[in-house]
């Protein structure tokens, strides 16, 4: 009986995810934001989510204030995903918090939360993997694959991502600006 109930829950979640995929294609920011919230995402004041977002389970996703999620990005909510305030996530970024254990004979799923702290910038096409925390003020370079925590104010790049510099600005207090309504 438990397997049947779990399967029904999975099918219903797949239906919600499909609907949100269509919502992501509508070129009107306020419309998308409204439906993302209706379906369980927590989105802070002044945050913008651009078009073509791919979501896996919206119920575990929390986005802070004045943050931007670029177009064609992936947000995985199969475990907790927390994005802080004033975070700039560029085009095509993929943030995953579930993967398969390639060393397990049954190829079982592994879930681990992902935390992106305040004032982080994640460059285009970067990938953040399960269990990672990107700490305050860090910068993830374009195309980087982040497999480990990123320290505060550090700049990382490469595959796998390694520290390549530091951000010298210590007093981060900027705002990212208003949402692009039709993007």
Subset of the stretch 23-39 that is closer than 14 Å to residue 69 by Cα and within 17 Å of the chain's Cα centre (by Cα) - its residue that is surrounded by the fewest Cβ atoms within 10 Å (Cβ to Cβ): 33
Could you check how many residues of the stretch 1-43 are part of a helix (DSSP H, G or I) and touching a residue at least 12 places away in the same chain (Cβ under 8 Å)? 13
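Can you name every residue in the stretch 159-179 that is assigned to a loop (DSSP other than H, G, I, E, B) and either without any contact (Cβ under 8 Å) to a residue 12 or more places away in the chain or out of contact with any strand residue (DSSP E or B) (no Cβ under 7 Å at 6 or more places or on another chain) (or both)? Explain how you work it out, then say what you get.
Going through the stretch 159-179, the residues assigned to a loop (DSSP other than H, G, I, E, B) turn out to be 159-161, 167-179.
168, 169, 170, 171, 172, 173, 174, 175, 177, 178 - these are the residues of the stretch 159-179 that are assigned to a loop (DSSP other than H, G, I, E, B) and either without any contact (Cβ under 8 Å) to a residue 12 or more places away in the chain or out of contact with any strand residue (DSSP E or B) (no Cβ under 7 Å at 6 or more places or on another chain) (or both).
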Among (1) crowded, with 16+ Cβ neighbours inside 10 Å; (2) within 26 Å of residue 121 (Cβ to Cβ); (3) at pLDDT below 95, the one test that residue 17 misses: (2)
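Residues checked against (1) farther than 24 Å from residue 44 by Cβ; (2) crowded, with 23+ Cβ neighbours inside 10 Å; (3) in contact with a strand residue (DSSP E or B) (Cβ under 7 Å, 6 or more places away or on another chain); (4) at pLDDT below 95:
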{"position": "106", "(1), (2), (3), (4)": "yes, no, no, yes"}
{"position": "114", "(1), (2), (3), (4)": "no, yes, yes, no"}
{"position": "117", "(1), (2), (3), (4)": "no, no, yes, no"}
{"position": "122", "(1), (2), (3), (4)": "no, yes, yes, no"}
{"position": "130", "(1), (2), (3), (4)": "no, no, yes, no"}
{"position": "136", "(1), (2), (3), (4)": "no, no, no, no"}
{"position": "142", "(1), (2), (3), (4)": "yes, no, no, no"}
{"position": "146", "(1), (2), (3), (4)": "no, yes, yes, no"}
{"position": "152", "(1), (2), (3), (4)": "no, no, no, no"}
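The values are calculated or read from the model by the stated rules, or taken from the named source; none is laboratory data. These numbers were taken from a predicted model, which means no experiment stands behind them. Here Cβ is always computed from backbone atoms with ideal geometry, including for glycine, and neighbour counts include all displayed protein chains.
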